[in-house]
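Shown next, in structure tokens, is the structure this report addresses.
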Amino acid sequence: MKRYATPLLTMLLAAHCEKEHVHSHVPGAHVHGRAEIQIAVEKIDGIAYFIRFEAPAKDLLGFERDPVNDDERKKKTDLLSSLKEGSGLVSGKDCTTEFVASEEEKEGEHRSIVAQYRLSCAKPLSSIQIRFLTAFPSIKDAAVTIVGENGQSIKPLAPGQTTLELPE
């Protein structure tokens, strides 16, 4: 069961995000300076929190196209490495953080960078430490969607805010 949980939750979150994407602004566009964070809570074989972070490539790299020189290629490689290492981007009390995947999504001329993490925890969390906005100052805010056994909620995350309170 554990093996299939991540792809299933990813598909559910992707479907939700696509629905929100279409209704929140012009289809095919994304908002520079804004990240989307989805958190899915799973209570099978322990407690796991799946976190998906997505932001415009422009905010993370400074450009939304293929790198055209060595400096840009290095910048992209360094970014993907730092997302993979985690560097404390997401954490929870008594949890281990595992990097799951990163990718670049392209929609027309727009590109986004996506990173996914899994927190495996000893007990349910009342909050999660999220440091994407402090790590990437070009991101001015984030919409956080939390999906769990008690339904879903959407919360804003502002610059300087690193603690996200979770619903009970």
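No lab work stands behind these numbers, since they all come straight from the coordinates. Fair warning: this is a prediction, and the values are worked out from it, not measured in the lab. Heads up, the Cβs are rebuilt from the backbone with ideal geometry, glycines too, and the neighbour counts pull from every protein chain shown.
At-a-glance table
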| read-out | value |
| --- | --- |
| The stretch 24-127: GluC sites (Glu not before Pro) falling in loop per DSSP and having at most 10 other Cβ within 10 Å | Glu109 |
| Spatially proximal aspartates and glutamates relative to Lys106 (Cα-Cα < 13 Å; intrachain offsets below 8 disregarded) | Glu54, Glu64, Asp66 |
